[in-house]
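Trainee: One structure, pasted below without further comment.
Please treat every number below as a calculation from the coordinates, not as lab data. Computed from a predicted model, the values in this text were never measured in an experiment. Positions of Cβ are generated from backbone atoms using ideal geometry, with glycine treated the same way; all protein chains shown enter the neighbour counts.
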Amino acid sequence: MNTVVEQQLKELQAKASNKDINIPGANLSDIHSELRKIREKSSSTSANVIPYKEIADHTNVCLYHKDGKQVGPIHPASLEETWERFYKKGIVLLVKKPTEVEIEAYKQTDEYIKKHDEFLRKRKMKDKSRKPDQVNRLIDKMDKLIGEKSVNILDQGQVKQAKKLNAKSS
Amino acid sequence: MIKFLLGLFSKLFSEKGMANETTSTTMTEAIPTIVAESLLESEEAQVVAPLINNVAFGGPGLVHSTPIISKLTSEADDSLANQALDSGTYTGSPSQATVGVHGSTVFLKEIAVLGTVGDLASIAANLIGQSIGTRLDLDLVTLFTSITRNEGGANVDITPQDLFDAYGYLRGQYAPLPYNLVLNPQHVWSSVGVINFFSNVADSAHFAAQGGVGSVAEDFMRNGFAGKVFGFDLFVDGNVTITSNNASGCAFSRDAFKLVRKRDIRIDVLYSGPEVGWQVTGSAMWGEAVLKNNFGAEMQFNPQT
């Protein structure tokens, strides 16, 4: 009895897994191709699209330093005032963005080299304030001058050690 | 008995259909796909506007001009032939801001309004309001590079000395307090950011006593932020754009920039019969300019991402 039931179950399972299904003339790439065409056609509806447009009566524009640094974008009516402001500080801004070749050529000029050297000098000084571990180094220097090792009072291990040493010496 | 059972089993497993069988169908057609209200993407808006000089520009005219009056200098020695109080010569130009129209328009199809979960008109108004707010902030933030003084430079990391120098410069120009510092978030929270000045880790520049952090550092470590740092009111603005690993914030006094408002935001709605929908337009009119160049210092630094 069990074998009969098992046999029937196997037949049903085989049919359910479509192993025996055979659609004449169909192959996988045809099916995908037709499905793609269907999706393209069905996406022509645009109920879920919200058109959006920016409104402005002007377009902001940029000026450029000779090394390529951008100023702006700013209102076109402010261009002259901005250019004049930089000119009075000795900086000539360009209306057209310099190309990479032009920037490289500018970086070889005396004007740029002088400015850049001054910039590097200032950065070297400023970067000192960014050096890590300055307090620890200061303490190390003080230890050398005093001839004794300082104790970090927030470090329990060091405090205990120092207490032991003090107890021994006294 | 066996025959009966066989008959029963064959009926139960027969292809012709079973009694008490369970079938199912999908409810896709009845249950809509979108069941939650939409969430609008967020963006940064209106950080800089409250920090600068805001001017209401009612009446005729489109160019708002602010002349600068030279100060009187007091001579140290009043025995000179000239006056003891002398008028200096201001070398800057009057600050001029030209008002322009800014806005955006959205077309709401009626079919979309009827088919949407939630209030689409309200979403459209949010979209427009948000875009105009961001546009205003962007217009102000891009003025930072119009300041001639730059404490940083291309591809350099911010240091405490830069902030000291900026403060010293503004103070030396008699810029009125308070001083604001607007930076890109990456200038503050990154491995090269301001927050490193206060963290008590091996690679930080310690500004705290050995073994402990100061109160500013406590604020940073506890809250991730400190309202004031090195004398500046600190603000972060995501609209400070990053270009080739450089971003330009600014340290400034209120009168460094001006925002001239001709008309505040207004929403106009027009129904279009042929297109079966509403044209929703939001617009505002403003102008912006550098008011006093020496009341600001550009902070161009590397915002490591």
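Trainee: Against the condition of a type outside the set (A, V, I, L, M) and within 12 Å of another protein chain (Cβ to nearest Cβ), how does B:Asn180 come out, does it pass?
Mentor: Answer is no for this residue.
Trainee: Further question: Quick one: in the stretch B:236-275, which of the residues that are β-branched (Val, Ile, Thr) and out of contact with any Gly (no Cβ under 7 Å at 6 or more places or on another chain) is nearest to the other protein chains (Cβ to nearest Cβ)?
Mentor: B:Thr243
Trainee: Just to check your reading of the model, which residue among A:Lys41, A:Lys66 is surrounded by 16 or more Cβ atoms within 10 Å (Cβ to Cβ), more than 8 Å from chain B (Cβ to nearest Cβ) and among the basic types (Lys, Arg)?
Mentor: Going through A:Lys41, A:Lys66 in turn, just one is surrounded by 16 or more Cβ atoms within 10 Å (Cβ to Cβ), more than 8 Å from chain B (Cβ to nearest Cβ) and among the basic types (Lys, Arg): A:Lys66.
Trainee: Identify all residues within the stretch B:276-297 that are more than 10 Å from chain A (Cβ to nearest Cβ) and among the charged types (D, E, K, R); write none if there are none.
Mentor: Listed by number, the list holds a single entry, B:Lys292.
Trainee: Then there's this: What are the residues in the stretch B:145-172 that are in contact (Cβ under 8 Å) with a residue 60 or more places away in the chain and either of a type in the set (A, V, I, L, M, F, W, C) or more than 14 Å from chain A (Cβ to nearest Cβ) (or both), if any?
Mentor: Result: B:Ile147, B:Ala154, B:Val156, B:Ile158, B:Leu163, B:Phe164, B:Ala166, B:Leu170.
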